[in-house]
1. Would region 53-108 count as rounded, prolate or oblate if I go by the C-alpha gyration tensor, calling it rounded below 1.5 in a/c and otherwise prolate when a/b exceeds b/c, oblate otherwise?
2. Please list, in chain and number order, the residues 5+ apart from ASN95 or on another chain whose amide H is under 5 Å from its amide H, with Hs placed from the backbone.
3. Spin-label point model (7 Å from Cα, Cβ direction): what's the GLN32 to ASP60 distance in nm?
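Values quoted throughout were computed directly from the atomic coordinates according to the rules given, and no laboratory measurement underlies them. None of the values given here were measured: they were computed from a predicted structure. Virtual Cβ from ideal backbone geometry, glycine too; neighbours counted across all protein chains shown.
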Amino acid sequence: MTNGARLTASREMEDALMYLPRKGVTDYRKGQMIFDEHQPSRGLHLVVQGRVKVTIPIDDGTQTVVDIFTTDDFFGEGSLLGSARYPERALAMDNVTLMSWNGPEIEE
């Protein structure tokens, strides 16, 4: 393995939490909406416990699943792109605990 390959592999393994401040957590009940088009996400979220289903609307009005996020997964990064109306919905599939950061906290 070359030095470049080793460097790339180690960067892929870096823990994003090393760069984010520790914060309090927020709990959501099973079935509770975390964010949607009426109350969009305001930042990046880390699943501490539970599962979160993220969907987007399609033309016929139904929702299609983007992904299901579990412990140690990040989601909501699309909200950091500056779009005022982001159509994603995030729903707690279980009782969920999240740690979240807004844009300025991430930039800091």
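1. Taking the square roots of the gyration eigenvalues as a ≥ b ≥ c, region 53-108 is oblate.
2. Here LYS30 satisfy the definition.
3. 3.3 nm
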